[in-house]
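The values are calculated or read from the model by the stated rules, or taken from the named source; none is laboratory data. Bear in mind that the values here come from a model prediction, so they are computed numbers and not experimental data. Counting neighbours? That spans all protein chains shown, and the Cβs are built from the backbone with ideal geometry, glycine included.
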Amino acid sequence: MHLHIGHLLERYGYLVLFLLVGLESVGVPMPGETALLTAAALAAAGRLDIAIVVVVAAAGAILGDNGGYWIGRRGGIALARRYGTLLRLDATKLERAHAFFDRHGAKTVFFGRFVALLRTWAALLAGVGEMRYRTFMLYNALGGVVWAAAYGAVGYFFGRNLPRVERWIGAAGWWLAAAVGAGILALLLWRRITRAPAGPG
């Protein structure tokens with residue numbers, strides 16, 4: 001995949017990087033991570049500027065996440081309230097989502113940038129959960145900048161082994177996603193067990 005993206009980057013430059021990262025952040029499944037790693041590798045070969053690559057990727061991530069947040073905030077909540085019964089989303093579950101993002105939204109938005117699937121859906125879910133926008137924007141910006149700088153550095157210094165690096169990072173992202181999913185399931189099971197009524201003694 002990185003070869004095809006590399007051709008697009010060489011032909012259209014930073015615009016491709018911005019669009020792929022931005023669309024992925026809005027909630028569209030796109031290879032934003034691969035685009036950043038490939039662009040950084042091209043920068044190491046002297047075909048792009050690494051500073052501009054990091055700035056463009058960070059801008060795409062931040063603006064895309066903002067788009068995802070407001071889609072979730074305006075559209076997601078309205079759809080959930082209108083069709084919630086079909087999706088088993090009642091007012092109680094929406095309130096729980098709201099409470100979750102009040103308590104854990106900052107961590108979810110920041111670290112979600114580095115986790116497969118969450119990178120695509122975290123901003124949208126934060127909007128549906130009505131996370132405070134100022135808090136979202138702060139940790140969204142921090143996550144976007146740190147992610148762009150870290151992955152840009154990896155692609156820049158290890159660009160010659162890009163396919164292997166991409167596999168390692170992709171595997172790490174999926175393992176993190178699996179760990180997050182397992183943690184959430186364990187928490188839900190624990191809450192269900194502790195809330196279960198005691199049997200007759």
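Take Ala41 and decide whether it is over 26 Å from Ala122 (Cα atoms) and small (Gly, Ala, Ser).
Against the criterion (over 26 Å from Ala122 (Cα atoms) and small (Gly, Ala, Ser)), Ala41 qualifies.
Using beta carbons and a limit of 8 Å, which pairs, at least six apart or on different chains, have the first residue in the range 13-42 and free of Cβ contacts under 8 Å to residues at least 12 places away in the same chain and the second one in a loop (DSSP other than H, G, I, E, B) and surrounded by 21 or more Cβ atoms within 10 Å (Cβ to Cβ)?
Going by the 8 Å Cβ cut-off, there are no qualifying pairs.
Out of all the residues in the range 115-146, which are closer than 15 Å to Gly27 by Cα, touching a Leu at 6+ places or on another chain (Cβ under 9 Å) and in a loop (DSSP other than H, G, I, E, B)?
If the condition is that a residue be closer than 15 Å to Gly27 by Cα, touching a Leu at 6+ places or on another chain (Cβ under 9 Å) and in a loop (DSSP other than H, G, I, E, B), then Val115, Ala116 are the ones that fit.
Of all residues in the range 99-109, which are at pLDDT 80 or above and over 12 Å from Leu138 (Cα atoms)?
Within the range 99-109, Phe101, Asp102, Arg103, His104, Thr108 qualify.
May I ask you to verify whether Trp175 is over 25 Å from Ile52 (Cβ atoms) and either modelled with pLDDT under 55 or among the polar types (S, T, N, Q) (or both)?
For Trp175, the condition - over 25 Å from Ile52 (Cβ atoms) and either modelled with pLDDT under 55 or among the polar types (S, T, N, Q) (or both) - is met.
In the range 105-162, which residues are more than 29 Å from Ala43 (Cα to Cα) and among the polar types (S, T, N, Q)?
Within the range 105-162, Thr108, Thr135 meet the criteria.
Looking at this structure, is Arg96 part of a helix (DSSP H, G or I), at pLDDT 85 or above and surrounded by fewer than 14 Cβ atoms within 10 Å (Cβ to Cβ)?
Against the criterion (part of a helix (DSSP H, G or I), at pLDDT 85 or above and surrounded by fewer than 14 Cβ atoms within 10 Å (Cβ to Cβ)), Arg96 does not qualify.
Determine whether Glu166 is acidic (Asp, Glu), assigned to a loop (DSSP other than H, G, I, E, B) and either at pLDDT 60 or above or surrounded by 13 or more Cβ atoms within 10 Å (Cβ to Cβ) (or both).
For Glu166, the condition - acidic (Asp, Glu), assigned to a loop (DSSP other than H, G, I, E, B) and either at pLDDT 60 or above or surrounded by 13 or more Cβ atoms within 10 Å (Cβ to Cβ) (or both) - is not met.
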